[in-house]
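These notes concern the structure reproduced below.
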Amino acid sequence: MSEHPGRDFQRATRYTPESSGGRTLDWSAKPPSLKSYPGAMTLPLPDPDPRRPAPPLWDTVLRRRSVRSFSDEPLTLDELSHLLWASAGVTRIAPNHLYRAAPSAGGLNPVETYVAVRDVESVAPGVYHYQVALAQIQDGEERLDPTRGHALELVRTGDASVSLAEGALHQALVAHAPVVFAWTAVFERSGWKYRERAFRYVYLDAGHIAAHLSLAAVALGLGSCQIGAFFDSQIDDILGVDGFDEATLYMSAVGHPARPVT
């Protein structure tokens, strides 16, 4: 009998000198770098301003807390734009390569960002996918167009906050937050290169993104609470992913703190 699924996973994904080399990548089999929803209603986001006034980094780290109680104040579209950019957005453009805010193993960026909007100014309630950039196949090669990115693609209409809260083990803060971020992994995007080890990397990547989000929230005068406890299939269904090729890894509720954070 298996000792424990977690320990089995750790053992099965170990690197050894014998297992880590001697493999050539098949570039013709490389999965798409980005996900998109062709034909979906698309909402362009305001351009982020990396030089906007903000607390010093060390002060931001000092003030970061898990905030579980939010006021009734909505988020602005500008705040949502900066949260998305600081956590998963593009910080530099190179020839057919996009540098992203958070680090990712091999620069493969398997994590996709979804936002469930309950109360954001100028945004209808619904579940949206963050379109980082547009990826197209031209002459058999993938071309990335960042000028058609930093936008929200509508996945489903309507306020999903109550359903998300039920899926998140009935945590009330999820229902009350103006916005809930949910991160999924497209496993093959990393598995193409890293095979079994990819399953470790996708969780590390999601952690990097969530950490960036938590600090960006503080810099904007907001609060966040990261959530790892949820009924996987229920959250997958809300996001419209199959739970196998793409599955939910992590969530974060974001809003204005109901009381001063100390």
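Per-structure values
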| read-out | value |
| --- | --- |
| Using alpha-carbon coordinates, inclination of helix 77-88 to the longest axis of the chain, degrees | 30 degrees |
| Cα long-axis angle, helix 198-219 against the chain (0 to 90 degrees, to the nearest 10) | 20 degrees |
| Gap separating the Cα centres of segment 101-132 and segment 144-195, nearest whole Å | 6 Å |
| Share, in percent, of DSSP beta bridges within the chain that are antiparallel, nearest 5 | 95 percent |
| Per-pair calculated FRET efficiency, R0 = 22 Å: Y15 and E142 via Cβ, rounded to 0.05 | 0.20 |
| Ranked list, fewest to most other Cβ atoms within 10 Å of each Cβ, for H129, H82 | H129, H82 |
| Relative packing of peptides 108-121, 150-163 - highest average C-beta neighbours within 10 Å first | 108-121, 150-163 |
| Rg and Dmax of segment 1-123, Cα atoms only, in Å | 20.3, 57 |
| Dipole magnitude of the chain, debye to nearest 20 (Cβ charges: Lys/Arg +1, Asp/Glu -1, about Cα centre) | 920 debye |
| Calculated log₁₀ intensity ratio I(q)/I(0) where the Debye formula runs over C-alpha points of segment 35-255, q = 0.11, 0.17 Å⁻¹ | -0.50, -1.29 |
| Ranked list, fewest to most other Cβ atoms within 10 Å of each Cβ, for I93, I235, I227 | I93, I227, I235 |
| Whether segment 124-211 is rounded, prolate or oblate, judged on the alpha carbon gyration tensor where a/c under 1.5 counts as rounded | oblate |
| Selection from Q226, L164, A151, by position along the positive dipole direction of segment 143-238 (Cβ) | A151 |
| Rounded to the nearest 20 debye, dipole of segment 52-113 from Cβ charges on Lys, Arg, Asp, Glu | 300 debye |
| Length gained when the stretch A211-D49 is fully extended (0.36 nm per residue, less Cα-Cα span) | 56.4 nm |
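Every read-out reported here was derived from the displayed coordinates using simple, explicitly stated rules and does not represent laboratory data. Predicted model only: the values in this text are computed from it and were never measured. We place every Cβ from the backbone using ideal geometry, glycine too, and count neighbours over all the protein chains shown.
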